[in-house]
1. Heavy-atom accessible area of residue B:22 with all protein chains present, probe 1.4 Å, nearest 10 Å²?
2. Sorted by average packing, counted as other Cβ atoms within 10 angstrom per residue and highest first, what order do B:55-67, B:132-144, A:89-101 take?
3. Which three extents, in angstrom, do the Cα atoms of segment B:15-167 have along their principal axes, listed largest first?
4. Relative to the first principal axis of the alpha-carbon coordinates of chain B, what is the inclination of helix B:215-233, with its axis defined by its Cα atoms, in degrees from 0 to 90 and to the nearest 10?
5. In terms of solvent-accessible area of protein heavy atoms at a 1.4 angstrom probe, what is the ranking of B:204, A:141, highest value first?
6. For chain A, with every protein chain kept in place, what is the accessible area per residue (1.4 Å probe, Å²)?
7. Could you work out the relative contact order of chain B? I mean the mean sequence separation of Cα pairs under 8 Å and 6+ apart, divided by the number of residues, in percent.
8. Once both axes come from the Cα atoms, what is the angle between helix B:117-133 and the longest principal axis of chain B, in degrees from 0 to 90, rounded to 10?
Amino acid sequence: MIKLLGVLIVILGFALKLDSILIIIAAMVVTALVGGLGVNGMLETLGTSFVANRGMAIFIITLLVTGTLERNGLKEAAAKLIGKVKSASAASVISAYAVMRLIFAAFNVSFGGVAGFVRPVVMPMSIGAIKSKGLEPNLEHVEAIKGHAAGAENVTWFFGQVLFVGGSGALLVQSTLKNLGIESDLVSLAKVQIPVAIFATITYIVYTLISDRKYMQKYYGDKAAPAEVKEA
Amino acid sequence: MAGWFTSISTWFSNPEVTLGTKLLELLFLVMGLATGYVAFKNLLDKTNPKRYGTFVFWLSLGIVLAFGRFISPKINGVLILIMALSAILRQVGPGKTESVDPAYSQKMSERFGYYIFIPTLSIGLSALAFALFTKLGALVGIGFGVFLAIVILMFMNKDNKPSTFMNDFTRMITLIGPLSMLPMLLASLGAIFTKAGVGDVIAHYVGLVIPEGNVAVGLVVFAIAMPLFTIIMGNAFAAITVITVGIGYPFVLQYISNPAAIGMLALTCGYCGTLCTPMAANFNIVPVALLEMKDRFGVIRKQWLPAVIVLLFQIIYMFIIK
């Protein structure tokens, strides 16, 4: 029972909105001590695991160009492009991105994540879509669009990446099952995920379309109304 | 010191290590050096009130990224604690960087138009090409794509000097700040939980509640335990090893005809939890900083509902194919 102390620290820490890094270090130290790892065991596990997971820091390398791309007019070019698509809304931009990202995720390919693509391309395109209707983007609406863009990014990435044959998730499942005497092959493990990936992507797109429509009515009211009538 | 360099060169010339692994290690070296640059730039920046703490943070991260593989795990652990400590004591902050002048980027946009999409897309296309046509892996492709984008940007505009890229890199990475280390830190917490036997304890308590042999109840508990545990740990990979051994196998997998498929779907049930937790900082908290959002939970707020729906879909799907 005492071994769950670290789990309790994590739950309470985040609930009390303490510093994220402080919570994790505290949970690590407490778990290592009550779990019998000791200080040495903790340092060794921490060092080994952190180094083994450096791939999670790949976004750092994309930051080498993210800022300079913006400096050279990327946002302006994206806004110009979306200005040509008259019927586009922020939700349709995000939906198109979701489909594209799902397909590429199945090839284990990311367009540079939030730093490399959402911030410099998807966001300006979405904002441009509102402006192209002659509306001044509402700050709360922009905040919601940011959430949806990051959400579409995550949902399609998670469920798309497992379609990649030989992806790390399937490899982990395969090795875990093998220890229990269950054999599996990677192609079947990828295939079983196809319905889930399609369902998840459609769910997210529908969710985005519905909530964006609500925001349009709430924040732009009369000005957005004529467009609503036309669509109906 | 000399022996250390020898061990690095021995590793890089070892024919048993694949080229993809070597190039990835080279990429980590570049990332570590760039992060080290940020450290020294801040140290020399007298306008940054937190320049010493900022220096310590980025330098330690740079060392672990660049040379982690060749340093003993214990020293890596100490470096990571130093990093964490400078962040916890709030001694890490952005210094002075030259921000983008909107008038300048507008002018550049008029000059380049849509051609700016070429370096932008080069990262993704390179990752795709590397994943499809080489054995080097997508991560190495991303690294090559970034290199390609830099070369293209330098050809397009003579104003893009190496110092421009480093200035903009410093601006972007200090905007994220200490959160940069969070994903790796969380994965490590999962590893420590597993080592300490936290999973065994949980499996024991679940065993007191689930009637053994009732596959239907076991399956639902398995499918819900994955996201719950992932929410706590922030990492479905850490959860799947613990939950499959503690709950999945004893209560479900040993009784059904399609255990591999159910074991795989348990992972994506866990992903539904990843969408709901601030512990998955790389996906849910880092973007909040990158997109300069006001609400720390702004991304999670737009993910939890679809996550619940997809989880329900998966539970039904599991019952159909089990």
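The values are calculated or read from the model by the stated rules, or taken from the named source; none is laboratory data. Everything numeric in this text was worked out from a predicted model, so none of it was measured. Quick reminder, even Gly has a Cβ in these numbers, built from the backbone with ideal geometry, and neighbours come from all protein chains shown. Ligands, DNA and RNA are stripped out before the accessible areas are found, and what is left, the full protein with its side chains, is counted by its heavy atoms. Shrake-Rupley method; radii C 1.70, N 1.55, O 1.52, S 1.80 Å.
1. 40 Å²
2. Numbers: B:55-67: 24.1, B:132-144: 19.8, A:89-101: 21.8.
Answer by packing, highest mean first, reads B:55-67, A:89-101, B:132-144.
3. 49, 48, 21
4. 30 degrees
5. On the way: B:204 110, A:141 0 Å².
In descending accessible area the options line up as B:204, A:141.
6. Working: 9250 Å² over 232 residues.
Heavy-atom SASA per residue in chain A reads 40 Å².
7. The normalised contact order for chain B reaches 12 percent.
8. For B:117-133 against chain B, the angle is about 50 degrees.
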